[in-house]
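Notes follow once the structure below has been shown.
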Amino acid sequence: LVSREFHPADTVVDVDGVKIGGEHLTVMAGPCAVESEDQLKEAARCVREGGAQFLRGGAFKPRTSPYDFQGLAEKGLKMLREAADENGLKVVTEIVDKDDMELIGTYADVYQVGARNMQNFQLLKALGKAKKPVMLKRGLSSTISEWLNAAEYIAAGGNENIILCERGIRTYETFTRNTLDLSAVAAVKELSHLPIIVDPSHGTGRWQMVRPMARAAIAAGADGLIIEVHPHPEVALSDGNQSLTPKNFNRLMEEVKQIGALM
Ligand code: PEP
Ligand code: MN
């Protein structure tokens, strides 16, 4: 169902009027995790001012260490919805447990499946029955074929509103957190009709590299971006090192709009 052979035309996912795919350039941005009302409101304002369409933020965080901040759960979801509505933004947030589908669906517009859950087939099957779109991140060490098969699980359940997200893969390189595989954008465009966005924040793990890789992603043909932005990255509870300040996020948006216009 997700292959281009089966369906030659690009799929455009419509999130209540905000479109992803085709000619559209869609940006999702916000903090890695929802931390507090102040943090989120400041981030949401900056996301809107930069011209992005979606507010991102994790309320359920799949952290590498069990002792790290795990997220604010429903309290965080409520804060996301409120901050997004105040700024005319849509909400994308991660689901880590299929039993949270209804709860998250009450507050979010798009379900995010994180890299660690790309092959959580029970979760994918559940999302196949969801009424809202799914943004499916590439697994930490997944091939493009494994990733498209994961998307197929969701589509096979009846939900064809899927957005793919390249977020870097594990290689021998240690300077960056992951190796952002921009060739996946061109590969996915050849193999599938689904929209694909790029996450240069997790893809590099270094804020200094986020703007250059965002520009490259759009030049490579990505349908959009997901960017971590924090009003004060130095005190972020997660992923501060890869989070942009509002000022740098604005610069990124200016650059990306110019490149997008040439595409
Ligand atoms: C995130 O978006 O904050 C996240 C945890 O991403 P990934 O699943 O790509 O690591
Ligand atoms: Mn993060």
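The label point for Lys41 and the one for Asp14, both projected 7 Å from the Cα toward the Cβ, are 3.5 nm apart.
Comparing Val13, Val91, Val235 in a Gaussian network model of the chain where C-alpha atoms under 10 Å apart are linked, the largest mean-square fluctuation is found at Val235. Distance between the modelled labels on Ala261 and Gln208, one decimal in nanometres: 3.0 nm (7 Å Cα→Cβ projection). DSSP bridge analysis restricted to the chain gives an antiparallel fraction near 15%, rounded to the nearest 5.
The mean sequence distance of close C-alpha pairs (under 8 Å, at least 6 residues apart), as a share of the length of segment 1-82, puts its relative contact order at 24 percent. Taking Cα centre as origin and charging only the Cβ of basic (Lys, Arg, +1) and acidic (Asp, Glu, -1) residues, the dipole magnitude of the chain rounds to 260 debye. Size descriptor for segment 13-262, Kirkwood hydrodynamic radius: 17.6 Å (Cα pairs only, one decimal). Legend: ranking of residues Val47, Val18 from fewest to most surrounding C-beta atoms inside 10 Å; resulting order Val18, Val47. One decimal place: the segment Phe175-Glu146 gains 7.8 nm when fully extended, by the rule 0.36 nm per residue minus the C-alpha distance. Taking Cβ atoms as reference points and 14 Å as the exclusive limit, the residues near Ile163 contribute a net charge of 0, counting Lys and Arg as +1 and Asp and Glu as -1. Scoring 56-63, 94-101 by mean Cβ neighbours within 10 Å over their residues and listing the highest first yields 56-63, 94-101. Per-peptide packing, taken as the mean over residues of other Cβ atoms within 10 Å, places 34-43, 195-204, 131-140, 166-175 in the sequence 195-204, 131-140, 34-43, 166-175 from highest down.
Based on Cα contacts under 8 Å between residues 6+ apart, the chain shows a relative contact order of 21 percent. Extension gain, Asp85-Ala156: 0.36 nm per intervening residue step, less the Cα-Cα distance, totals 22.3 nm.
Put a dot 7 Å past the Cα of His7, heading toward its Cβ, do the same for Leu103, and the two dots end up 3.1 nm apart.
A short reminder: the numbers here are calculations on the coordinates, not readings from a lab. Keep in mind that what you see is a predicted model, and the values were worked out from it rather than measured. Reconstructed Cβ throughout: ideal geometry from the backbone, glycine too, with neighbour counts over all protein chains shown.
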